[in-house]
Structures are given as structure tokens and as C-alpha cells.
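Heads up, the thing below is written out as C-alpha cells.
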Amino acid sequence: MAEIAGHTIPNRSPLMAFLERWFLTTNHKEIGSLYLWLSFVLFFIGGAMAMLIRVELFQPGLQYLEPLFYNQMVTMHGLIMVFGVVMPGFVGLANWQIPMMIGAPDMALPRLNNFSFWILPFAFTLLTSSLFMEGGAPNFGWTFYAPLSTTYGPPSTDFFILGVHLMGVSSILGAINIIVTIFNMRTEGMTLMKMPLFVWTWLITAFLLVMVMPVLAGAVTMMLTDRHFGTSFFEAAGGGDPLLFQHVFWFFGHPEVYILILPGFGIASQIIPTFARKKLFGYTSMVYATASIAILSFVVWGHHMFAAGLPLAAELFFMYCTMLIAVPTGVKVFNWVATMWRGSMTFETPMLFALGFVILFTIGGFSGLMLALVPADFQYHDTFFVVAHFHYVLYPGAIFGIMSAVYYWLPKWCGNMYDERLGKIHFWTAIIAVNMTFFPMHFIGLAGMPRRIVDYSIQFADFNMVSSIGAALLGLTQVLFLYIVIKAIRGGEKATPQVWEGAEGLEWTLPSPAPLHTFEAPPQFPAPQEAYKHE
Amino acid sequence: MDNGKHVTSITSMLQRGLTFLLFMAFSAANFAADLDLRPGVTDMSQRIQSLHHTSLIICSVIGVVVFGLMFYSMYAHRRTKNPTPADFHESTIVEVIWTLIPVLILVSLAVPATTALIEIEDNSDPDLTVLITGSQWKWHYQYLESDINFYSNLATSQEQRDNLEPKGVNYLLEVDNVLVLPTNKKVRFLTTSDDVIHSWWIPDFAVKQDAVPGFINEAWTRVDEPGVFRGQCAEFCGKDHAFMPIVVEVQAEADFDQWLEDQRLAIELASGQAVADRAKTWAMAELMEIGEQVYVDHCATCHELDGAGQGSTYPALAGGEIPNGPMEAHIEQVMNGKADTEMQAWAPQLSDLEIASVITYERNSFGNETADLVQPITIYESR
Amino acid sequence: MSESRNKQRKHLVLLSTLALGMLGFSFALVPLYEVFCEVTGINGKTSNAVVVKPTTVIQESEREVTIQFLAQVARGMPWEFRPTEHQLRVRVGEVNLTSYYARNRSAQGVTGQAVPSVSPGNAARYLRKIECFCFTEQYLEAGEAQQMSVRFYIDEELPEEINTLSLSYSLFNAPELEASSLALASHPQ
């Protein structure tokens, strides 16, 4: 007999019950936790690779890593962070939160949900095991341009292709599940325009996923047939074109980077109103802005290819559309500021991370706008200026988004408050470290340092050193974060149902920790004031 | 008290203060210039720097305003200062305003960007054309109006890269053969590749163009003052992506014409030398010495100094099939490369003597003891 | 409850169709890209179709352009391959003939395929080839050399601002075909 989460399971040893629970669960909360832990583990693996990169780049000269291995680190770091950390992290948050926020008992397709998750550990084992294969891991950058990847890739490239297919299937199935859940399982009275913004951003993100992950699947399939089945999609020899690869890849790739940030926008839109004790400013605008960003994301892919030999008309088109995305993005930032304005703010850790997100993501957005200007891009493209840009939008962007969400909702998940003092220490060291690591990259990029290089000229040495020191500090802050999370799960000040004074939304009417099964009967919406209990 | 002294000391204080301020301003400007995108040496590169400044200033101003409002709000609207939150949460007017103003700002950026781009993409009426071919991991230049062509390889020593020697000021930015161009001429660059995508980039010209295998791209520049300008490959191309720099020397027209003439002579000399080399029968010791240098310069980066190779990607020469097998196959591999791998064709780049020597060297080093040697004449006949 | 299940099923079917449709779309991008480039001519690929010079007399304009000829040999392709002339000054509308020299340096017969590329990209569709060795694969015996011709004219529609164009051929190893049939094809008796 085993006792798990209030269920008594006959005829099972505790070990078997444990394995069955976690391999076979169809519960959105448990699956949410699985996704979040996977993301956290891969965060350390991808982060270790980043540390290796920064150690080699600490000084000019070849010190520790062979160029071939360095190239593998650059590639794997990108793949793991994009597909293994940010995406599963946001999906984990979606799993935990969406049913609770819309008053549903679970996701629409719970078994599919389990399957979507369990594909991932297999996919990432396959991908990381390539490090030990003959010829090493993929070494052509996470963007795997042809023909470097098709003709000159190592044997493990085929495993990489299989891994990408698996991750893609997981994402597509998960996204379909999310859309069907949101469309069909909202509680009575919650029209689409009354949903929490986190749910809206995930709805839109899920549509992007359903539409563009298949395009990635197409690209890697064409890559596979070029490698082994005699096709020439991407090789001039057989009448193909390496640039076709870039078009197909970035048609996926650009919406993909919006997939990596939109849920973060949703999270900020939940946290800032809570801690400002004021409703989100411009809810309708926020929805339309997010939708505009998503739609525009389909017509800007060429801005990754300005130096590739595009004709003038295409360059102008992509430049104008890319610049246009700044408008709805700016609208969102202004709306967050207007939410803060004349609110009554306190600065607990989730709010600190959310505000850090807004400011630093905006800086990343500025460098993005600069990159959109084609003539200037001829100087920025493929330099560390680009690396600075995307790390600003991904680290203080997506990752801070996930961290702020974890701090915000962890008390709901585990019933204990995290240690606020440690949380603040985490925040302040992370802010310093993240800027120390990535801000200098703007300058070395402007000075002329290309990206994806194992060694560099001496005029780039000083800022590289600063960046590497910042990276070491950043790595340490992750260990602190892990400690804070584990400590909170194990115990701490008991959390109330509402947890945060200004929090509004169905999830805050539930006990903390939220029981395994919630909202088995649809709740009343909007929740009456009495539903928010303070003890 | 001396009045004169008093007056002097105020003046001298002012002088010192002014000097100090000027020094600070100068240092700040210098520091900022170090951080800034370089202006470069062409009209276009300077226009691009202007565009960069414009967008940077616009973004900075917007940032200062928005972040300023945020920091102010964090101070003035925190709970202890503002215990009762306001309850406004929408305003169509405000949304329209902060949608339209950014659009106008964007238009102001798009106009100079568009005019510059149209000019950048106008490659017509060049005065001379250079065909640039990227390979793993070097560049090849050909002046289209003549037969002058050569390879350009990284010249920084392995010792510097391995931290055994101090690094020179042009570490990783120096080559054996530089591309020479004339001043005041519109030079058109055609870029292509014979393996993967590379990218030819000179920051001082603000020219960056991908080199795509099977296709040609074009770009142009016009430099008015002589000088030496350095750039790097700007598209990830494999193991030695960091080690294929570009050096361009721009010379006054008369000097450039002289250089062209010198190149023609050098080519003639080299072919004369090649004739002499293949007429001679070379001894093993001579071939081994030359071969070792060729191996270190061109082969060791992949096959390693001790011939051990790097896994299956770069096969070991020590005890390897090809260096110990039939001579014809070895010659064929070195001269023509191996399709779909990084083993390139060395026939275009190396002379008969160099190829003969390096093959001899490989067959008699790293534990290989074939005692074979190859004469340059054999290589010549295989061409 | 069952109504909601039906709605869910409907959504499921629609979304799965969307996902599969996008997969199909990604493959459709291949011919779409080809067509787009052919129609606009913007990736520099010339047509592989033989152009027949119209029999009506074309007004040969006074307009002249420079056309440069380039050659690339892919790795592992043991041919010497170069244009016989680096550049020509030609009149728009006038038919011109040039050739490329190719020699198989290796000890066995090799089949090659030349792939053209024109710069600027949008000049490609105005370069009309009547005869070109790039239309078919070319077979050379060991040691054999050949002059391979290109007969072309430049269409008067060539935009005003283009007065220099570059035509590059990249030579690749083509899959082995029946040596005899190819040998016949490229050496008409």
C-alpha cells in the first residue's frame, strides 16, 4: 500500500507507486512540475556550456577548449536554452496555471499532456548524448545553416534531426492541448476578453507554435533527405539553394523568438497589477498588441538575412515590417508603466524581477530596433551586438519572466512562502551579473568582434574579461535560486490562499498549496471578494 | 597680504579647473569613441555611423524618459508614499497617442535608412571588380580585369595562439597576401564560396556580404585615402571560423598600378621557378624539410602536428590508409580534395614542389615509414 | 457535457489539420521559392530553358553593357575550368558567343554539371541563353579537354541602371550516368 497525495494506492510498493505516479500522471499540476524541473535541470546543463564558452573567451588565445569542441558548446548551449529551458519552462507554467486561472479541473487532453512531456527527456537525452558520439555533437550553431550542417555536419547531425522532430511533436501537441483547453473549458462568465492576460498570451503563443513548429520539421526533414536520400534542396550542385534553407528556417525562427517571449509578457501583466494594487492598464490594447506582434512576426524573417544577398525590395520590406513591430511592443511597455502609475507598490521579489524584465527587455528591444536598420545592420550582423541583443531579450526577458512567475506562484504550488530576503539577494546579484555579462557585448560587437568565434583580437580583450566574470557571477545566482526553490518546497512561512495582497484571479481563491484536484465544479466568475481568503 | 598673489591664485585655479574639465571631456569622448561604432573611411561607412548615432540617440532618449518615469513611479507611488492606489485602467486617447508617436519616430529613422540602402545596393559602373572566394578557412582574390589572383591566409603564428609568445597588435588580423586596392575608384566585390557560407566584412568600409557556394553576391566601396584595413569572416563556417581574417591595403593609383605590375612579374617568376623546380631531382632530405613547413602551415590545423587527427572528422595520418597506401590515391586526395568533406583541393593553392614535399613528408613521418618520395614533376603531370 | 466534447473534438481536428497543413506548406515553400525567384529573377539563377532567338529582327540598340565571366570548381571535382575570356563588352540585343575551357585532370571519366549564377540578381532574367553547356551534364574522359560554348544575348528590357553583369558557373560533380550515353550526348558525331 502506498499513500500519495491523499490517494491510497493498494498493492503497490512505495517505489512502484512513485514511478507510476510520475510516469503516468495526467494531472496538470504534476505535469507542470515535471516540465519546470526538466527546464531547471537543462538550465544548469546549458548554463555549464555557457560557462565553458565564457571561460575560453576570458582571454584571447586558445587556452582550454579545442575549436571543434567550442563550436559544439556554442551550438548545444543555444539548442538547450531555446528548446530545453525557455520553452518547457513556459509550458510548465501554462500547465500549472491555465486550468486554475480559467476555473477548469485540468487540461482538455490530460493523457496527451503526459505524452507531450515525456517525449522531452528522451529528446534531450538523444541530443546531449551526441556529445559522446563519433565526430562529436552538432557544431554548426543552433541555426544550423546549410551547407555547413547538411554537407559538413558530423554523424550526430542525424540524431540532432530526430531530437528536433521529437521536441517539435511535443510542442505541437502541447500547444493544441492549450488551445483546446482555453477555448472550451473556461468557467461560466469568463469570455475571451475577460481572461487573465497570461492565458491570452499563451493562447496566442500556442497558435504560433502550431503554425511554425511544422515548418521547422519540414526544414530538418529536407536536411535529412539532402544528407541521405539524394535530394538537393539546399545545394547548388543539384539545383538547390543554401538561401532557401535560411528562408525556411527563419520563417519558423522568427515566430519562434516571439514564442519565447510572449508568455513572459503575460506574466509581467499578472505580476505588476498585483503589486501595484491596480488593474492592468489598457487590457484591450494589450490583447490587440500581443496579437499584432504575433501576426507581424510572420513577415519579418528576412531581417536575419540582410547580408545574405537579398534583393533591395526584400530588404526594404523586411526593414519596414521589423520596425513596425516596435509599435505594439512599445504599447505594451507603456501600458505596464501606466499600470504602475499612481498605484500603491510594494517590491517583493516577483515584482522586482517583473520590473527588471520590463526595463532590460526594453533595452533588448532598442538594440533590436537598431538592428532593423539595414545599412547599420551591415555593421552589426553576425557580431556580438546581435549576441547582446538576443541575450537581453532572452535572459532578462524570458528567463526573468520565468523566475518572476516562479516566485509569484510557488507559494500557491507548495504552500510555503519562499525566503524573501534570499529572493531579494538573488534579484540584486542577478541584475548586476546579467548586465555585467551582456552589456559589454554591445561594445565589442560595435568594435568589430564577430560571433561564434573561439578566439579574438586583442582589442576585444578587456570587455570579454568583464563579460566572463559577470557570467561566473550569473552562474552562481542560479545555484542560489535552486536553493531558494528547494528550501521553500521543504518548508517556510505558510502561505495564505491569496498569498499577495493585490492578487486577483481564480487561482488565488484556492488553498495554498492548491490541492491536486481543483475546480472540479466550475467556480463563480468573477470571484466575489469573500472568495479571496487571507488566512 | 599681497593682492597680486590673491588674483593670481584665482586665475590659476580657474586655469586648473578648466584644464581638468577639458581633460575629463576629452577622456570621456575618447572612451565613448572607443565604445562607438567606428566612422570608417568611406562616405557610406560614415553615413552608417550617423544612422547608428541617430537610432542610438532616439532609443536613449526614449529609454531615459520611460525608465525615468518608472523610477519616479517606484519612488512616488510606492505603498508607503501612496497608500491608496488610483483606479484608472484605460484610455483610448492615450493609447492612440502612444501608438502614433512611435510610428512617426520610426518614419524619421526609415527615411535615412532607405536612402542609404538604395545607394549601397547600386553596384553599377564599377571601376574595377574583384572576385572573392571564401573557403574553409581562407580567402581567394582575383582581379577580374587581369589574371592576378592569390590566396590569403591567416599569418598569426600558432605560438601566439597557443599563448607561447606574446600577441602582436594585429593578432588574428594579419594575412600573408593582402588585397590591394586603388584610392578613388569604385571597387565592386563579387563574393562566392567553394564550400560553406562565409561572409566578407571590412568594418572600415561597412561592407559585409555573405559568400554563398554556387551563387555570387555583389557589394561595392570607394575609399579616398590610402591605408590598411582589417576585417574577419562574419558567417559561422566551421572549425577555424575565427582564423580567416581579411586585410585590405588601399594605395594611391600610381602605387596600385605598380603593385599590379609587381604581381604580374611575381607570377612570371613563380612559373619560371616552377619550371626549374620540376626539372630538378630532389633529395629526400630537401623534400622532408620543405614538406614539414607546408604541413605545419596548411595541414596541421586539422590533422594535428603529430598526425593524430581529430577523431573521425579529421582522419589520422599516423598509420593512416592513404599515406601508407598507393601513391596515386594520396596524390589525388591532396590535389583534388574529397567531395563533401572539409579536405580541400590543394592543387590551386600549392606549387608542384610544395605538394610533392608535403606528400613525401606525410609518407615518412608520424610513424609512417613508406620511404616513398614524390618529385614535383610527377605532380605537374597530374595536373 | 457531450456538446463540449464535440466542440473539443472539432477544435482538435481543426488544429491538427492546421499543423499538418503548415508541414505541407513548408515543403510547398520549395517550389514557391523557385517560382518566385524565376518570376522576379531575384536570386540570380538563370533559366535552364533554351531560348530561341526570335526570328524577327530585333533593333540592336546602341546600348552597351559589360559582361564578366567567372568560373568556380567545387571541391573534389578534378577538372580545370576557366572562361576563355574574362569579360566582353556587348551590345544589348546582339547575339554573342563565348566559351569555357574544361579539362578532366583525373585518371577516370567524370561527369560535371555547371550551375550558373548572375550578379546583380535581377539581371538574371535578361540574360537569354540560346546555347549553353550548363543545360546538360557534361562528360569528359580521363585527360580530355573541351571548349564548351555559351551563346547568348541580353534582352533590351534590361533595366537602365545595370551596365555591368557577372555570370559565374560553379562546376560540380554530377552523379555517374551511363558513360557511353553521356559521351555521345556531349560529343555529337
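Loop-only chymotrypsin sites (Phe, Trp or Tyr not before Pro) in the stretch A:328-392, please: DSSP not H, G, I, E or B, and at most 15 other Cβ atoms within 10 Å.
Listed in order of number, the matching sites are A:F347.
Quote the charge dipole size of the stretch A:444-535 about the Cα centre in Debye, to the nearest 20; the model charges only the Cβ of Lys and Arg (+1) and of Asp and Glu (-1).
That gives the stretch A:444-535 a dipole magnitude of about 420 debye.
To the nearest 20 Debye, how big is the dipole of the stretch C:64-186 about its Cα centre, given +1 on the beta carbon of each Lys and Arg and -1 on that of each Asp and Glu?
Charge dipole, the stretch C:64-186, about its Cα centre: 280 debye, nearest 20.
Using all C-alpha to C-alpha distances in chain A, build P(r) with 20 Å bins and read off the rounded percent in each one.
21, 57, 21, 1
What does the structure give for C:79-92 when I average, per residue, the other chain Cβ atoms found within 10 Å of the residue Cβ?
1
Please compute P(r) over all alpha-carbon pairs of the protein assembly as shown, binned at 10 Å starting from zero, and give each bin as a whole-number percent.
Spelled out bin by bin, the protein assembly as shown gives 2, 9, 17, 21, 19, 14, 9, 6, 2, 0, 0, 0 percent.
For the protein assembly as shown, what does the helix formula give at 222 nm: sum of -39500 (n - 2.57) over DSSP H segments with n ≥ 4, over the residue count, nearest 500 deg cm²/dmol?
-17500 deg cm²/dmol
Per the Cauchy relation, a quarter of the hull surface: what is the mean projected area of the convex hull of the alpha carbons in the stretch A:278-397, in nm²?
If you wrap the Cα atoms of the stretch A:278-397 in a convex hull and average its projections, you get 7.9 nm².
Place +1 on the Cβ of every Lys and Arg and -1 on the Cβ of every Asp and Glu in the protein assembly as shown, take the dipole about the Cα centre, and give the residue among B:G168, B:Q263, B:T99 whose Cα lies farthest towards its positive end.
Working it through, the farthest residue towards the positive pole turns out to be B:T99.
In whole Å, largest first, what are the principal axis extents of the Cα atoms in the stretch C:63-157?
47, 21, 21
Using only the alpha carbons of the stretch B:280-382, what is the convex hull's orientation-averaged projected area in square nanometres?
So the Cα hull casts an average projection of 5.9 nm².
Expressed as a whole percent, how much of the Cα-Cα distance distribution for the stretch B:1-91 exceeds 18 Å?
74
Based on the Kirkwood radius over alpha-carbon pairs, what is the Stokes-Einstein translational diffusion coefficient of the stretch B:128-270 at 37 °C with 0.692 mPa s viscosity, in µm²/s?
My calculation gives 211 µm²/s for D.
Equivalent ellipsoid semi-axes for the stretch A:344-438, as square roots of 5 times the alpha carbon gyration tensor eigenvalues: give them largest first, rounded to whole Å.
32, 12, 11
Distances longer than 36 Å among the Cα atoms of chain B: what percent of all pairs is that?
Value for chain B: 47 percent of Cα pairs lie more than 36 Å apart.
Is there a simple number for the mean count of other chain Cβ atoms within 10 Å of the Cβ of residues in A:382-393, and what is it?
Mean shielding count: 1.
Quick check for me: using +1 on Lys/Arg Cβ and -1 on Asp/Glu Cβ, what's the dipole size of the protein assembly as shown about its Cα centre, in debye to the nearest 20?
5400
Just for the Cα atoms in the stretch C:1-40, what are the lengths along the principal axes, largest first, rounded to whole Å?
54, 13, 5
In the protein assembly as shown, what percentage of the DSSP-assigned beta bridges are antiparallel, given to the nearest 5?
75
Once Rh is set to the Kirkwood radius over Cα pairs, what Stokes-Einstein translational diffusion coefficient, in µm²/s, holds for the stretch A:1-140 at a temperature of 25 °C and a viscosity of 0.890 mPa s?
142
How big is the convex hull of the Cα atoms of the stretch A:125-179, per residue, in Å³?
Spelled out: Cα convex hull of the stretch A:125-179, divided by residues, is 78 Å³.
Give me the Kirkwood hydrodynamic radius of the stretch B:23-145 in Å, from all C-alpha pairs, to one decimal place?
In the stretch B:23-145 this quantity evaluates to 20.1 Å.
Say the dipole of the protein assembly as shown comes from +1 at the beta carbon of Lys and Arg and -1 at that of Asp and Glu; which of A:A308, B:T54, A:P255 then lies farthest toward its positive end?
A:P255
Values in this text are rule-based calculations from the coordinates and carry no lab data. Here the structure is a predicted model, which is why all the values come from computation and not from measurement. For neighbour counting, all protein chains shown are included, and Cβ atoms are generated from backbone atoms with ideal geometry for every residue, glycine included.
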